[in-house]
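Report on the following structure.
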Amino acid sequence: MKLSKRTLEELRNIINGDNTGDYRSGPKLVDFFNDLGSDDVYGQGFPSRRFYTDQKLEAINGTPELDKCIKKVFAVVDYIERIDYLDKQIDHFNQYLAFDKWEVVRDNDVITFKKHDRVLVDSSKKQTIETADEFLSQTFNVNIESLGLSAELNELIKERLKEAENCVASNAPLSSVIMIGGIMEGILLGVADSNPQLFNQANCAPKSKDGSVRKFQEWKLSNFIDVAAETGFLKQDVKKFSHVVRDFRNYIHPYSQLKTRFSPDKQTALICMQVLKAAIYQIGNYRKQLQEGDR
């Protein structure tokens, strides 16, 4: 099995386990890859965990060891009493693996792989990803009050949303994307503050080394997006596009943009704005459903 760079990056994230209860320290990463045939020793001068795992995955990409690596990552015995979480992890990884025309399959306690002759997106759930044009053609009724945030935060979100729209209209895509990402993170933090039990009990809520859920102020935008989707506030289509917004928002750091050599254009800004509006719409609708369910 030979995987794309993007899929390998996601596999690295799962292996390293940052901000989760499955966090692997440097020594544990060495043990992990030594079990796959490496002969490394952890000590002074050891590279960053991220760099180390990237190097090891690149070295075994396209070899039988990569298959063994994925099976080791999703070994069912390591998820006793967390099988639901394991299945969510596999489903998450399959969203990336689909573009390599592969799929991880769990049959009871056995992990196998299925090869496809074409890209199948979310085939296990019969879901499809909309194209950018289809997504842009939709109309979402944006009602900030429907989010259930404080009056002060509502007004601030409205002001920033108006400023972001002005950036889009003025053909300032980078500024637009950065602002949109900030607005989305602010909204999701506000929703989490309003629904602490739901967010803290989510399987993918980020955890500290001791297994406790991190405080919301320590969560990253990716954490908020994943948990909002798991708890029902965001649907899968907006979840996927929201991660695109997160990636683009990282261009606030010039070196991140320099590394990827990508510059967002007006189409990028329009898509990100549409994602934000869709997120507001879905959050408002789901919050209404929760309220009606409590009556």
_Condition first: closer than 21 Å to GLY26 by Cβ and not in a loop (DSSP other than H, G, I, E, B). Now tell me which residues in the range 197-214 satisfy that._
LYS207
*Could you list all residues from the range 154-192 that are of a type in the set (Val, Ile, Thr) and either closer than 22 Å to GLN217 by Cα or in contact with a strand residue (DSSP E or B) (Cβ under 9 Å, 6 or more places away or on another chain) (or both)?*
ILE157, VAL177, ILE178, ILE180, ILE183, ILE187, VAL191
_the range 8-35: number of residues that are closer than 24 Å to TRP219 by Cβ, more than 21 Å from the chain's Cα centre (by Cα) and outside any helix (DSSP H, G or I)_ = 1
*asked:* If I go through the range 193-235 residue by residue, how many of them are under 24 Å from LYS162 (Cβ atoms) and touching a strand residue (DSSP E or B) at 6+ places or on another chain (Cβ under 9 Å)?
replied: 0
*Mind checking which pairs have a first residue in the range 190-213 that is farther than 19 Å from ARG82 by Cβ and a second that is polar (S, T, N, Q) and part of a helix (DSSP H, G or I), Cβ under 8 Å, 6 or more apart or different chains?*
ASN195/THR231
*State whether one or more residues within the range 82-89 are in contact (Cβ under 8 Å) with a residue 40 or more places away in the chain, out of contact with any Lys or Arg (no Cβ under 7 Å at 6 or more places or on another chain) and within 23 Å of VAL244 (Cβ to Cβ).*
yes
_Qualifying residue in the range 134-143 (condition: surrounded by 17 or more Cβ atoms within 10 Å (Cβ to Cβ), modelled with pLDDT under 90, assigned to a helix (DSSP H, G or I) and within 21 Å of the chain's Cα centre (by Cα))_ = yes
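Could you list, in sequence order, the residues of the range 274-285 that are closer than 12 Å to GLN138 by Cβ and touching a residue at least 60 places away in the same chain (Cβ under 8 Å)?
As a first pass, look at the range 274-285 and keep what is closer than 12 Å to GLN138 by Cβ: 274-275, 277-278, 281-282.
Once the filter is applied, which keeps residues that are closer than 12 Å to GLN138 by Cβ and touching a residue at least 60 places away in the same chain (Cβ under 8 Å), the range 274-285 yields GLN274, VAL275, LYS277, ALA278, TYR281.
Could you tell me whether HIS243 is free of Cβ contacts under 8 Å to residues at least 40 places away in the same chain and under 15 Å from the mean Cα position of the chain (by Cα)? Even if it seems obvious, please write down each step before you answer.
Working: free of Cβ contacts under 8 Å to residues at least 40 places away in the same chain: yes; under 15 Å from the mean Cα position of the chain (by Cα): yes.
So HIS243 fits the description; yes.
Out of the residues in the range 85-108 that are part of a helix (DSSP H, G or I) and hydrophobic (A, V, I, L, M, F, W, C), which is farthest from CYS204 (Cα to Cα)? It would help to see each step written out before you state the result.
At the first step, the residues of the range 85-108 found to be part of a helix (DSSP H, G or I) are 85-100.
Now narrow it down to the ones that are hydrophobic (A, V, I, L, M, F, W, C): 86, 90, 93, 97-99.
Details: LEU86: 10, ILE90: 13, PHE93: 13, LEU97: 19, ALA98: 21, PHE99: 23 Å.
Going through the qualifying residues, I end up with PHE99.
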*Are any residues in the range 1-34 surrounded by 15 or more Cβ atoms within 10 Å (Cβ to Cβ), of a type in the set (S, T, N, Q) and closer than 24 Å to PHE113 by Cα, and if so, which ones?*
THR7, ASN13, ASN16
_Take VAL168 and tell me if it is in contact (Cβ under 8 Å) with a residue 24 or more places away in the chain, more than 22 Å from ILE225 (Cα to Cα) and part of a helix (DSSP H, G or I)._
yes
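Select, from LEU188, LEU234, the only residue that is surrounded by 19 or more Cβ atoms within 10 Å (Cβ to Cβ), in a loop (DSSP other than H, G, I, E, B) and at pLDDT 90 or above. Give the steps one after another, and end with the answer.
Numbers: LEU188 fails: in a loop (DSSP other than H, G, I, E, B).
None of the others qualify; the one that does is LEU234.
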*Would a scan of the range 253-260 turn up a residue that is modelled with pLDDT under 90, within 30 Å of SER170 (Cβ to Cβ), buried (at least 16 other Cβ atoms within 10 Å of the Cβ) and within 17 Å of the chain's Cα centre (by Cα)?*
no
_Under 6 Å between Cβ atoms, which residue pairs at least 6 apart in sequence (or on different chains) link something in the range 5-23 that is under 18 Å from ALA59 (Cα atoms) with a partner that is assigned to a loop (DSSP other than H, G, I, E, B)?_
ASN16/ARG24
*Considering only the range 36-58, state which residues are assigned to a loop (DSSP other than H, G, I, E, B) and under 18 Å from MET1 (Cβ atoms).*
LEU36, GLY37
*Would you mention how many residues in the range 59-84 are in a helix (DSSP H, G or I), surrounded by fewer than 14 Cβ atoms within 10 Å (Cβ to Cβ) and of a type outside the set (A, V, I, L, M, F, W, C)?*
3
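The values are calculated or read from the model by the stated rules, or taken from the named source; none is laboratory data. Just so it is clear, the model here is predicted, and its values are computed rather than measured. No Cβ is skipped: glycine too gets one built from the backbone with ideal geometry, and neighbour counts run over all protein chains shown.
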